[in-house]
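Below is one structure, written out as structure tokens; comments come after it.
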Amino acid sequence: MNNTRSHELFTRASELLPGGVNSPVRAFKSVGGEPFFAERAQGAYLYDVDGNRYIDYVGSWGPMIAGHAHPQVLAAVAETMRHGLSFGVPNALEVTMAEAITRIVPSCEMVRMVNSGTEATLSAIRVARGATGRSRIVKFEGCYHGHGDSFLVKAGSGALTLGLPNSPGVPSALADLTLTLPYNDFDAASALFDEVGDEIAGLIIEPIVGNANCILPRDGYLQHLRELCTKYGALLIFDEVMTGFRVALGGAQQRYGIVPDLSTFGKIIGGGMPVGAYGGRRDLMSQVAPSGPIYQAGTLSGNPVAMAAGLATLELIQAPGFHDALERSTHALCDGLESAARAAGIAFHTTRAPGMFGLYFREGPVESFADALGSDTQRFNRFFHGMLERGVYLAPSAFEAGFVSSAHGEAEIAETIEAARATFATL
Ligand SMILES: *Cc1c(COP(=O)(O)O)cnc(C)c1O
């Protein structure tokens, strides 16, 4: 596979950007080798600057649920940008977006648009702290909520991939306010709340963990957390930056029937543009400035072009049967990979939710962060490169979920399974 131009670009980039990239996990550090540079993308495919084509299961890390460069999204962006790129005064698309979110996600009675998932989660815990007058927050080992100071404690995603779950630069005075729990452990959560429950401002969780590979909640687990938060007056915050609009139209909270107090969004809601949002109960959100004293602001928040891309994407995913089809594709892919691994005698397990999946080089089940860490990452790395050589791009980390879009049809999935069959035979 020719990579001359990517190599040349990465050499230049490495002089000027830390690690040659603008976000760590892009750098291929844990899988080895060098990243390829994208030239363009279309549907389920990414094309690099050397003319190679890949079936893409990263989807820009989540936003491209309707496939890359969807004509309706591009048309909405093109039409909107003709009127100007940013106004600094309110625009109608912000209202349409707020109406769409509050209708699709009923627990969000009010929302605030921001520019990334990181901003959304930072703001949500500020609201939790401001509204409760408490300082401590609870998160889960291996969950990633963006790169805010309070969250880089036993964090997932790139922090986990690179072995840096506790970042230098986060003052211990702040990190000490973040308590961590093992995901899916009922008793640990009960014990922590029984001990310090009345000091906890909020508990933030990825309802399906997608930043430590992909781990689904045990039956009743999210409900258990809901009850603990209610009992102790702590706010339940669902970080649905990844799962929102994906695992069901209304996100994980719809899929599992849980009503969080606050929710955070990103990725899909921007349709590929830099967007995040947080929202929740009216009595909480109305404490945000300027209607209340909890300060949060953004020069480009609610940007019209970004709103247009997000709204066009939300429209596409509201087509009847969209998420059912996504779920069928995800199952077809995962079932095919599992049977190819079985045929090759390789210990392998998948986890799945509509439009997202986890790959593990170990036997199942995988229900905890410790289980996820038990995957053979060396074997994953060889699998990753074997797939890449065969034109399939998986997340370059054993600890990231994969994503299926509506543009992944039977042909792409069959080709992926064939590539896996050939790759498993070499492991
Ligand atoms: C991606 C992600 C974030 C951070 O979003 P950015 O837009 O990268 O800042 C936060 N939470 C979860 C669950 C995510 O998957």
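The values are calculated or read from the model by the stated rules, or taken from the named source; none is laboratory data. Every value quoted in this text rests on a predicted model; they were computed, and no experiment measured them. Using ideal geometry, Cβ is built from the backbone for each residue, glycine included, and neighbour counts are taken over all protein chains shown. With ligands, DNA and RNA removed, areas are computed over all heavy atoms of the protein, side chains included. Shrake-Rupley method; radii C 1.70, N 1.55, O 1.52, S 1.80 Å.
Quick notes on this one:
- Screening region 230-288 for residues that are polar (S, T, N, Q) and within 16 Å of the ligand (Cβ to nearest atom) and picking the one that is surrounded by the fewest Cβ atoms within 10 Å (Cβ to Cβ) gives Q253.
- Residues that are more than 22 Å from M64 (Cβ to Cβ) and acidic (D, E) within region 203-257 comprise D219, E227, listed in sequence order.
Conditions (1) within 16 Å of the ligand (Cβ to nearest atom); (2) buried (at least 24 other Cβ atoms within 10 Å of the Cβ); (3) farther than 28 Å from F193 by Cβ, marked per residue:
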residue: P71; (1), (2), (3): no, no, yes
residue: M81; (1), (2), (3): no, no, yes
residue: L85; (1), (2), (3): no, no, yes
residue: A92; (1), (2), (3): no, no, yes
residue: T102; (1), (2), (3): no, no, yes
residue: M113; (1), (2), (3): yes, yes, yes
residue: T118; (1), (2), (3): yes, no, no
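- Restricting L311, L333, L388 to those that are in contact with a helix residue (DSSP H, G or I) (Cβ under 8 Å, 6 or more places away or on another chain) and either surrounded by fewer than 22 Cβ atoms within 10 Å (Cβ to Cβ) or more than 15 Å from T416 (Cα to Cα) (or both) reduces the list to L311.
- Residue list for region 9-30, filter: farther than 20 Å from N381 by Cβ and charged (D, E, K, R): R12, E15
- Residues in region 127-152 that are open to solvent by 20 Å² or more (accessible area, probe 1.4 Å) and within 18 Å of G210 (Cα to Cα): E141, Y144, H147, L152.
- Subset of region 120-138 [farther than 15 Å from E199 by Cβ, out of contact with any Asp or Glu (no Cβ under 8 Å at 6 or more places or on another chain) and not small (G, A, S)]: L122, R126, V127
- Meets criteria (at pLDDT below 95 and either more than 25 Å from P396 (Cβ to Cβ) or among the small types (G, A, S) (or both)) for A212: yes
- Checked against the criterion of being in the same structural domain as G279 (by TED's automatic domain parsing), among the hydrophobic types (A, V, I, L, M, F, W, C), modelled with pLDDT of 95 or more and more than 11 Å from the ligand (Cβ to nearest atom), the candidates L122, L181, L160 yield just one match: L181.
- Region 192-220: number of residues that are of a type in the set (A, V, I, L, M) and within 17 Å of M242 (Cα to Cα): 7
- Complete set of residues in region 1-35 that are part of a loop (DSSP other than H, G, I, E, B) and either in contact (Cβ under 8 Å) with a residue 40 or more places away in the chain or in the same structural domain as S157 (by TED's automatic domain parsing) (or both): M1, N2, N3, S23, F28, K29, S30, V31, G32, G33, P35
- The residue that is modelled with the lowest pLDDT, counting only those in region 125-151 that are assigned to a loop (DSSP other than H, G, I, E, B) and within 12 Å of the ligand (Cβ to nearest atom), is G142.
- The set of residues in region 366-385 that are under 20 Å from G156 (Cα atoms) and in contact with a helix residue (DSSP H, G or I) (Cβ under 8 Å, 6 or more places away or on another chain) contains only V366.
- Helices (runs of 4 or more DSSP H) wholly inside region 322-427 that include at least 2 residues being within 18 Å of I208 (Cβ to Cβ): 322-343, 369-373
- Those residues of region 205-229 which are under 21 Å from H323 (Cα atoms), surrounded by fewer than 24 Cβ atoms within 10 Å (Cβ to Cβ) and in contact with a Phe, Trp or Tyr (Cβ under 9 Å, 6 or more places away or on another chain), in sequence order: P217
- Number of the condition not met by V305 [criteria: (1) in a helix (DSSP H, G or I); (2) open to solvent by 50 Å² or more (accessible area, probe 1.4 Å)]: (2)
- Long-range neighbours under 7 Å by Cβ, at least six apart or interchain, first residue over 22 Å from G355 (Cβ atoms) and of a type in the set (S, T, Y) within region 58-86, second at pLDDT 95 or above and within 16 Å of the ligand (Cβ to nearest atom): S86/L300; S86/N303
- Every residue from region 391-413 that is touching a residue at least 60 places away in the same chain (Cβ under 8 Å) and open to solvent by 40 Å² or more (accessible area, probe 1.4 Å): S406, E410
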